[in-house]
Amino acid sequence: MTKLKFSIEATDGTARTGSIRTEHGIIATPAFVPVGTAASVKSLTPDEIENTGHRVFFVNTYHMIFRPGLETVKHAGGLHKFMNWPHVLMTDSGGFQAFSLSENGPRVKENRATERSLVKITDQGIAFKSAWDGSPVFLGPGESMAAQGILGADLVMAFDECTFYPISEKRAGLAMDRTHAWAKVCLESRNLLKSRQSLYGIIQGSVYKRLRINSAKFMASLPFDGLAIGSVANSREPRDKVFAVLDWTMPLLSETAKPIHFLGIGEIEDIILSVEKGIDSLDCITPTRLGRMGWLFTKEAGLKNKFRYDITHRQYARDLQPPDPLCKCYACLNFNRSYLHHLFKSRELLALRLATMHNLYFFADLMGKIRQSIRERHFSTLKKEWLNY
RNA sequence: GUGACCGUAGCUCAACGGCAGAGCGUCGCCCUGUGGAGGCGAAUGUUGCGGGUUCAAAUCCCGUCGGUCACC
């Protein structure tokens, strides 16, 4: 019945390192999970993803439902075969789109204020409209589990209501209650999942201590295979609150001996701080999306620049250094900043590929160093080396 | 040498008597379970130079300098 096998091999304070074993291989934790929303880590082949050091990535159920459609994935034999990805996969339940496609979503808020919300949330689930052609799809916890069963990822997320910020405690409480009710349905729907799929329950409650503790206790009491923390850094939640949420919930979650995933984190500093508090895995679009926009990660860029620089700036036009002099990725071993600058200015496809490769390698490399530091009980040294505090 | 056309932002050009603009570039900001091969914003001008006409000139007139093309 239980699918993943999680073992903690070493701890340093509350930070911990170990492994998650699945049918499609082992993930060393703490792990960073790249995002491949539409069944592709944009611009990279499976071999190239593997060469960046990652053995797992995230695919989005919402996107698969509309394109290519679940039947197409089923016909291909599931996501692993469809994409020819032999390693571990995670799928999101579609719950994030409750936030991202709503009138409070990031796109709408910034520059599509006149566009209508593409979601309507009720106690039964979320009525979506396709972002591409407006066609409707209803997704509740049962539907999401069935969909994720067809997709066949190793690690799947319970269907939840992801909240925006700012939000009142009352409304955050309603979303949490709904998420709790849906969590039970997701567990009841387990037979819709393939036998080897593992289900993560998601803690909600926005920035409210009472709600977060309530949610952590509730989720920890249920027979999930893993636990996840949601809705923390979606839309301008204050940074101190992001980590306060971990302080409130991690002591309750750590006791379960289940892997704990932090949804949507993040920046280098946030990753280090999250690992310090016991997080086992995190996913984020930062290395991939920011890479496509010309941001390259380097340690030398420093904390104040979030460890990245914009290669499209004029100052790199004739810079013959590798993108990151300390890096051993394909891009850094073979090309210089001058060339990458040119590729971005010329909008060459290779720019996106090399930047994505480098950033993913940088993240995987950092996670490897983090794991080693925990094993050697030097995590605080690593933290100080990067964050200087 | 003669004639025609052209000189406007860093670049390519628009405006052709009525507040000097766009694209690209530059610089800045944004992106945390991807609606993103993005989005938002700012700076930059003695309209080649000098004179004239006019309430008003990048625009019309004269001169001058520079460029391109054509013809000798």
### Query
Within region A:242-263, restricting attention to residues that are more than 18 Å from the chain's Cα centre (by Cα) and without any contact (Cβ under 8 Å) to a residue 40 or more places away in the chain, which residue is nearest to RNA strand B (Cβ to nearest atom)?
A:ALA244
### Query
Based on what the data block shows, is A:ARG308 of a type in the set (Lys, Arg) and more than 22 Å from A:LEU44 (Cα to Cα)?
no
### Summary
Exactly one of A:ALA147, A:ALA158 is farther than 25 Å from A:GLU237 by Cα and either within 10 Å of RNA strand B (Cβ to nearest atom) or touching a residue at least 60 places away in the same chain (Cβ under 8 Å) (or both), and that one is A:ALA147
### Query
Right, A:GLY25: of a type in the set (Gly, Ala, Ser) and more than 11 Å from RNA strand B (Cβ to nearest atom) or not?
yes
### Message
Scan region A:264-272 and tell me whether some residue there is free of Cβ contacts under 8 Å to residues at least 60 places away in the same chain, more than 10 Å from RNA strand B (Cβ to nearest atom) and either assigned by TED's automatic domain parsing to the domain that holds A:ARG212 or within 16 Å of the chain's Cα centre (by Cα) (or both).
### Response
no
### Query
Is there a residue being part of a loop (DSSP other than H, G, I, E, B) and touching a strand residue (DSSP E or B) at 6+ places or on another chain (Cβ under 8 Å) anywhere in region A:343-365?
no
### Query
Is it true that A:TYR208 is touching a residue at least 60 places away in the same chain (Cβ under 8 Å), farther than 25 Å from A:ASN359 by Cα and not hydrophobic (A, V, I, L, M, F, W, C)?
no
### Message
Please go through region A:41-87 and give me each residue that is of a type outside the set (Phe, Trp, Tyr), closer than 21 Å to A:ASP133 by Cα and surrounded by 15 or more Cβ atoms within 10 Å (Cβ to Cβ), ordered by number.
### Response
A:VAL59, A:ASN60, A:THR61, A:HIS63, A:MET64, A:ILE65, A:PRO68, A:LEU70, A:VAL73
### Task
Tell me, yes or no, whether region A:284-301 has at least one residue that is assigned to a loop (DSSP other than H, G, I, E, B), within 8 Å of RNA strand B (Cβ to nearest atom) and in contact with a helix residue (DSSP H, G or I) (Cβ under 9 Å, 6 or more places away or on another chain).
yes
### Task
Being part of a loop (DSSP other than H, G, I, E, B) and without any contact (Cβ under 8 Å) to a residue 60 or more places away in the chain is the filter; apply it to region A:229-241 and report the residue that is farthest from A:ILE8 (Cα to Cα).
A:PRO238
### Message
What pairs come out if I take residues in region A:312-329 that are under 20 Å from A:SER346 (Cβ atoms) and pair them with residues that are away from RNA strand B (no atom under 16 Å from the Cβ) and not in a loop (DSSP other than H, G, I, E, B) whose C-beta lies under 7 Å away, six or more apart or interchain?
### Response
A:PRO322/A:CYS332; A:PRO323/A:CYS332
### Query
Under the condition of being within 10 Å of RNA strand B (Cβ to nearest atom) and under 21 Å from A:LEU4 (Cα atoms), which residue from region A:64-104 is farthest from the chain's Cα centre (by Cα)?
A:SER93
### Query
Just to be sure, is A:ARG347 farther than 30 Å from A:ALA228 by Cα, in contact with a Pro (Cβ under 7 Å, 6 or more places away or on another chain) and basic (Lys, Arg)?
no
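The values are calculated or read from the model by the stated rules, or taken from the named source; none is laboratory data. Given the structure is predicted, the values throughout are model-derived calculations rather than measurements. Methodologically, a virtual Cβ is constructed for each residue, glycine included, from the backbone with ideal geometry; neighbour enumeration extends over all protein chains shown.
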